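This report refers to the structure that appears directly beneath it.
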Amino acid sequence: MSSATSSFPERIELSGEGLVLRDWTEADLTAMPELFDHPDIAYWTPIVSPFDEAAARARLVRDRQLREEGAAVLLAITVDGGAPLGEVMLRRAPEGMEIGYAVGPAHRGQGLAVRAVRVMAAYAFERLAARQVILELEAENTASVAVAAKAGFALLDVPLITGEEKGRPYALQTWGLNRP
């Protein structure tokens, strides 16, 4: 699926697996630093660090811009549509539809990332006609490898994606889930 396809809806709310994935709002700005200002998130993700309220505001602006461009959608992971516990992203990439996620440290160990990935993958398959959804992650990130496996993704036999971010080299594996 190319990035030239139609844009994402202005508002999205997805329910399933005991979760409600919803749009970020200005009301979430004060909660975002607690979720994203953590060494694990700084190390494994491209999210800026330190992550303060100014970074939260910039992320919200960027989220809306990416959605308007049809490039990506970022949704808050919640259990009831209320307080955000993390984030799940769906991005149109040259390789296909890519999902990314981050769960706040206080909310880990509850299966939130696995469930959010499955709900977002279902959205990509059902609403966007994706043939495959991918995750790109580092093999050393054992928590993300576990999420990929539990969500039904399989490691693809494709070259590693290498680069450097935040002054450290990385090598990303590609995991895929095909349309049911």
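The values are calculated or read from the model by the stated rules, or taken from the named source; none is laboratory data. What you are looking at is a predicted structure, and each value in this text was computed from that prediction instead of being measured. Quick reminder, even Gly has a Cβ in these numbers, built from the backbone with ideal geometry, and neighbours come from all protein chains shown. Ligands, DNA and RNA are stripped out before the accessible areas are found, and what is left, the full protein with its side chains, is counted by its heavy atoms. Shrake-Rupley method; radii C 1.70, N 1.55, O 1.52, S 1.80 Å.
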Q. Do we have any residue at all in region 101-108 that's assigned to a helix (DSSP H, G or I) and buried (at least 20 other Cβ atoms within 10 Å of the Cβ)?
A. no
Q.
With under 26 Å from residue 141 (Cβ atoms) and surrounded by fewer than 19 Cβ atoms within 10 Å (Cβ to Cβ) as the only criterion, which of 55, 76, 72 stands out?
A. 55
**Q.** Among the residues listed as 82, 86, the single one being crowded, with 20+ Cβ neighbours inside 10 Å and within 25 Å of residue 51 (Cα to Cα)
**A.** 86
Q: Could you tell me which residue of region 171-180 is surrounded by the fewest Cβ atoms within 10 Å (Cβ to Cβ), considering only residues that are at pLDDT 95 or above and either more than 16 Å from residue 141 (Cβ to Cβ) or among the hydroxyl-bearing types (Ser, Thr, Tyr) (or both)?
A: 178
Q: Please enumerate the residues belonging to region 89-100 that are assigned to a loop (DSSP other than H, G, I, E, B) and buried (at least 23 other Cβ atoms within 10 Å of the Cβ).
A: none
Q: Could you list all residues from region 109-131 that are touching a Lys or Arg at 6+ places or on another chain (Cβ under 7 Å) and open to solvent by 10 Å² or more (accessible area, probe 1.4 Å)?
A: 114, 125, 131
Q) Among the residues of region 21-37, how many are surrounded by fewer than 19 Cβ atoms within 10 Å (Cβ to Cβ) and either hydrophobic (A, V, I, L, M, F, W, C) or part of a loop (DSSP other than H, G, I, E, B) (or both)? A) 5
(Q) Being in a loop (DSSP other than H, G, I, E, B) and either in contact with a Cys (Cβ under 9 Å, 6 or more places away or on another chain) or farther than 23 Å from residue 174 by Cα (or both): is that true of residue 63 here? (A) no
Q.
Condition first: in contact with a Leu (Cβ under 9 Å, 6 or more places away or on another chain) and touching a residue at least 24 places away in the same chain (Cβ under 8 Å). Now tell me which residues in region 42-61 satisfy that.
A. 44, 53, 56, 57, 59, 60
Q. If you go through region 141-180, how many residues are part of a loop (DSSP other than H, G, I, E, B), more than 15 Å from residue 98 (Cβ to Cβ) and within 18 Å of the chain's Cα centre (by Cα)?
A. 2
Q. Does residue 92 satisfy the condition of being under 15 Å from the mean Cα position of the chain (by Cα) and either β-branched (Val, Ile, Thr) or under 22 Å from residue 32 (Cβ atoms) (or both)?
A. no
Q: Please find, within region 38-52, the residue that is nearest to the chain's Cα centre (by Cα) out of those that are surrounded by fewer than 19 Cβ atoms within 10 Å (Cβ to Cβ) and more than 16 Å from residue 108 (Cβ to Cβ).
A: 46
Q. Among the listed residues 63, 40, 52, 28, which satisfies the condition of being within 24 Å of residue 162 (Cα to Cα) and of a type in the set (Asp, Glu)?
A. 40
